[in-house]
Amino acid sequence: MNIYDLSTVIDNIHKKCKCACNKKYNVKDIHIIATTSNEALIEMHCKNCDIITIITVMLNAEMEIKNQNIQRNHKQITKNDILDVKNFLNNFDGDFKKIFTKEI
């Protein structure tokens, strides 16, 4: 998914989805875990009841057609990018929670 798709998804979650405790999610409590060209894995953390919900979102055909008309600028992957990933994986201890809860 591109940034426009993800922005739309987050906006829809914020407007339409509620936690099991019936509270709406704040935009800052909706986190993108991973994406592909037509799917996204999203984590929603309810500050009211402290429940974390993970959902998978898939684009429908209508949205894909609409997005084909958007010109995309793709960054070239460099040798340094590959080395950065290699170094990260060499030092990665398997603790995904630590990675995704790190403050930026």
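For the residues Lys66, Lys18, the requirement of being among the basic types (Lys, Arg), touching a strand residue (DSSP E or B) at 6+ places or on another chain (Cβ under 6 Å), modelled with pLDDT under 90 and surrounded by 10 or more Cβ atoms within 10 Å (Cβ to Cβ) singles out Lys18.
When the test is whether a residue is surrounded by 13 or more Cβ atoms within 10 Å (Cβ to Cβ), among the β-branched types (Val, Ile, Thr) and closer than 17 Å to Leu59 by Cβ, Thr8 passes it.
A search for C-beta distances below 9 Å between a residue of the range 50-79 that is aliphatic (A, V, I, L, M) and any residue that is surrounded by 10 or more Cβ atoms within 10 Å (Cβ to Cβ) and at pLDDT below 75, counting only pairs 6+ apart in sequence or on different chains, returns Val57/Met1; Leu59/Met1; Leu59/Asn67.
The values are calculated or read from the model by the stated rules, or taken from the named source; none is laboratory data. No experiment lies behind these values; they were computed from the predicted model shown. No Cβ is skipped: glycine too gets one built from the backbone with ideal geometry, and neighbour counts run over all protein chains shown.
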